[in-house]
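Notes follow once the structure below has been shown.
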Amino acid sequence: MTPYIQVVTTLPDRASAEQLAARLLEKQLAACVQISGCTSWYRWQGAIEQGEEQVCTIKSRRDLFPALCQAIRANHPYQVPEILASPVVDGGAGYLDWLDQELLPPKE
């Protein structure tokens, strides 16, 4: 298992997704943020809801997750934002090296 993670969050529109992506990249909490549209169906306050959202798939490292969560919450319009992290089991050596170069260095 690698020290890398992919974190997913959804936002209500492209502008807010791009704003979040820029902030995470500026703080070096993410090396890459992919943004794509989706239709979400979910339960909220007892009712079934549906809406168009933007999915942000964030490439980062496990030790940065607390700061990444904090940055997402601070820049997110939802009362309860989706923040789900999945481990990266393995990856191409060149891509993983690139992640290391773009993220904040690990604390020792």
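Rg and Dmax of region 1-87, both derived from C-alpha coordinates alone, stand at 13.0, 39 Å. The trypsin sites (Lys or Arg not before Pro) of region 47-108 that DSSP puts in a loop, and whose beta carbon has at most 14 other beta carbons within 10 Å, are K107.
Taking each DSSP H run with n ≥ 4 as -39500 (n - 2.57) and averaging over every residue of the chain yields -9000 deg cm²/dmol at 222 nm.
Prolate is the label for region 16-62. Its Cα gyration tensor axes, ordered a ≥ b ≥ c, give a/c of at least 1.5 and a/b above b/c.
Taking a sphere under 12 Å around the Cβ of D13 and counting the other residues whose Cβ falls inside, with K and R at +1 and D and E at -1, yields a net charge of -2. Most tightly packed first, judged by the mean number of other beta-carbon atoms within 10 Å of their residues, the peptides 16-25, 43-52, 81-90, 30-39 read 16-25, 30-39, 81-90, 43-52.
Net charge in the neighbourhood of L25 (other residues with Cβ under 15 Å of its Cβ; Lys, Arg +1, Asp, Glu -1) is +1.
Values in this text are rule-based calculations from the coordinates and carry no lab data. In this text, all values refer to a predicted model and were calculated from it rather than measured experimentally. Backbone-built Cβ (ideal geometry, glycine too); neighbour counts: all protein chains shown.
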